[in-house]
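Notes to accompany the following structure.
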Amino acid sequence: MSFDLIVRHANLADDRTDIDIAVSGGKIVAVERNIEGEAGRVIDAGGRLVSAPFIDIHFHMDATLSLGTPRLNRSGTLLEGIQLWGELKPLLTKEAVIERALKYCDLAVAQGLLAVRSHVDVCDDRLVGVEALLEVKDLVKDYLDLQLVAFPQDGFYRSPTAAKNLIRSLDMGVDVVGGIPHFERTMEDGRLSVKALCEIAAERGLLVDLHCDETDDPLSRHIETLAYETQRLGLQGRVAGSHLTSMHSMDNYYASKLLPLIAEADIQCIPNPLANIVLQGRHDTYPKRRGMMRVPELMALGVNVALGQDSCMDPWYSFGNADMLEVAHMAVHTGHMTSRDAVKACFQAVTTNPAKTFGLEGYGIAPGCNADFVLIEARDAIEAVRLKAGRLAVVRRGKVISETAPRTASLTLAGRPASIDPWTYAPVEAAG
């Protein structure tokens, strides 16, 4: 039998080893040992990990790579970042947003990141970001799935034209209803915004993803309202609560009530470890709060937890490189998730879990799935997270769209190997 592509001797994230993956017509047609047949291209994984692509379920592509424009966030705080974004918005042009977004998508592909959910600010009456990212979505569709969230950054009620602009954005083709209830002027306005936004989504048959309780205030409890509205409107499985950082400050008794409500409503939870731990706890002396929702406890209740990157070189976060393994690596540390099962769970939180939240079809390493996968310079998911391992090959619909050479270091040490793989510390060449 002849195939377009065969990957041989792969390890999979479910701990199967020495597996072959056969591809024809952009689909995976077989996943088993010792597949017989020829192929237009054969990749020898050599016992390395092959995974379904990484997914970033929470990002701001309209702001990405804008670091330093019009100035830097000197304090590094969330509030200065919001202020700085307000200064940048009037300067935005459609062409500049498209250029930066496409550069970021190039970087994402090289990192094996082939699906991104991006919030796009709708509080600029020009809707420059919306127009730009809708165009980018079409431009990158052959190699990256881009899902857009209509995000009233300045508040659904607090910004005078946000409600109108959100509807305009949805009419233009934006996929998901967004919001930011904790940024409204009052708790009551926040509650009412959750209600209104969920009703809009229910009427239009859309998903919901709210920036929710991104604060150190333990009394910011809009997630409770979100759970209620989700059930009232029959939106179970279609709603995500992003950030939920107030959860790290809530007392345990209240959390013991809240977490089961989230599970009951089948709300997807999206922590953003990189941004959350540097933007939260800024008013603390010591001890300083971590700024993360209760990830292990939510997972234990069966809640689908998917990790987001949030930002990359923008007004809020001056770091980032489209590396979802870096996000998983940080989640391991902030959540004390260092058991083997917990590390695997963090790997799933940047792959299979966000695929569910995204509603991505044909995702996975199984016959019938799209032939989208990544060859990772690690033997298993735990090693991939530990090393933030390199991506040797990225495949989209059966075609290799990115390749990176293995990382090795040459040594000149008496009696030691001439070169090593610095990521696994395994000899790759005998000393002469």
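Every number in this text was worked out from the coordinates using simple rules, so none of it is lab data. Not measured: the values here are computed from a predicted model. Neighbour counts run over all protein chains shown; Cβ positions are idealised from the backbone, glycine included.
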- Query: Local charge sum around Asp18 (other residues, Cβ-Cβ under 13 Å, Lys/Arg +1, Asp/Glu -1)?
  - Reply: 0
- Item | Signed unit charges on C-beta, dipole axis of region 54-358, positive-most listed residue Val295, Leu72, Leu139 | Val295
- Task: List the pair-distance distribution P(r) of the chain, using every Cα-Cα distance, as the percent of pairs falling in each 10 Å bin from 0 up to the bin containing the longest distance, rounded to whole percents.
- Result: 5, 21, 30, 25, 13, 5, 1, 0
- Could you check which residue among Ser318, Ser118, Ser242 shows the biggest mean-square fluctuation in a GNM of the chain with a 10 Å Cα cutoff? Ser318
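So what is Rg over Rh here for region 126-167, counting just Cα atoms and using Kirkwood for Rh? Walk me through the numbers before you get to the answer.
Values: Rg = 12.4 Å, Rh = 11.5 Å.
Result for region 126-167 is an Rg/Rh of 1.08.
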- Query: Taking Cα atoms, how many degrees apart are the long axis of helix 252-264 and the longest axis of the chain, rounded to 10 and kept between 0 and 90?
  - Reply: 70 degrees
- Message: Testing the spin-label approximation: label points 7 Å from Cα along Cα→Cβ at Thr186 and Asp284. State their distance in nm.
- Response: 3.1 nm
- Give the value in nm², to one decimal: projected area of the alpha carbon convex hull of region 240-388, averaged over all directions. 10.2 nm²
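Summing +1 for each Lys or Arg and -1 for each Asp or Glu, what net charge is found among the other residues whose Cβ lies under 14 Å from the Cβ of Tyr254?
Summing Lys and Arg as +1 and Asp and Glu as -1 gives -2.
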- Which of Gly76, Gly241, Gly179 moves most in a GNM of the chain, Cα contacts under 10 Å? Gly76
- Please work out, to two decimal places, the log10 of the ratio I(q)/I(0) at q = 0.19, 0.22 Å⁻¹ from a Debye calculation in which every Cα of region 7-100 carries one identical scatterer. -0.85, -1.10
- Query: Given the convex hull of the Cα atoms of region 269-332, what is a quarter of its surface area in nm²?
  - Reply: 4.8 nm²
- How many times 2.2 N^0.38 Å is the alpha carbon radius of gyration of region 24-63? 1.78
- Around Ser193, with a cut-off of 15 angstrom between Cβ atoms, what is the net charge of the other residues, counting Lys and Arg +1 and Asp and Glu -1? -4
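Looking at the chain, send over the antiparallel percent of its DSSP beta bridges, to the nearest 5. Show your work: numbers first, answer last.
Values: 26 of 61 bridges.
Roughly 45 percent of the beta bridges in the chain run antiparallel, per DSSP.
Whats the longest run of the chain with zero chymotrypsin sites (Phe, Trp or Tyr not before Pro) that are DSSP loop and have at most 15 other Cβ atoms within 10 Å? Intermediate values should be presented prior to the final figure.
Numbers: sites that count: Phe319, Tyr425.
Result for the longest clean stretch: 1-318.
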- Item | Folded to 0 to 90 degrees: helix 222-232 orientation relative to the chain principal axis, Cα | 90 degrees
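Size of the dipole of the chain about the Cα centre, Lys and Arg at +1 and Asp and Glu at -1 on the beta carbon, nothing else charged, in debye to 20?
Details: 44 positive and 57 negative charges, 100 e Å.
Dipole size: approximately 480 debye.
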- Message: Eigenvalues of the Cα gyration tensor times 5, then square-rooted: what semi-axes does that give for region 313-432, in whole angstrom, largest first?
- Response: 29, 20, 15
- Message: Using Cβ contacts closer than 10 Å as the measure, can you line up Glu224, Glu297, Glu403 from fewest to most?
- Response: Glu403, Glu297, Glu224
- Query: Can you list the trypsin sites (Lys or Arg not before Pro) in region 130-180 that are in a DSSP coil and have 13 or fewer other beta carbons within 10 angstrom?
  - Reply: Lys141
- If you project the alpha carbons of region 342-401 onto their three principal axes, what span does each projection cover, largest first, in Å? 29, 26, 17
- For region 206-276, count the residues as N, evaluate 2.2 N^0.38 Å, and divide the Cα radius of gyration by that value, please. 1.03
- How much mean residue ellipticity at 222 nm does the chain get from its helices, if each DSSP H run of length 4 or more adds -39500 (n - 2.57) and you divide by all residues, to the nearest 500 deg cm²/dmol? -9500 deg cm²/dmol
- Check Gly390: other-chain or 5+ apart residues with amide H under 5 Å from its amide H, H built from backbone geometry? Glu377
- Message: Quick check on region 96-197: what are the equivalent-ellipsoid semi-axes from the Cα gyration tensor, as sqrt(5λ), descending, whole Å?
- Response: 28, 13, 11
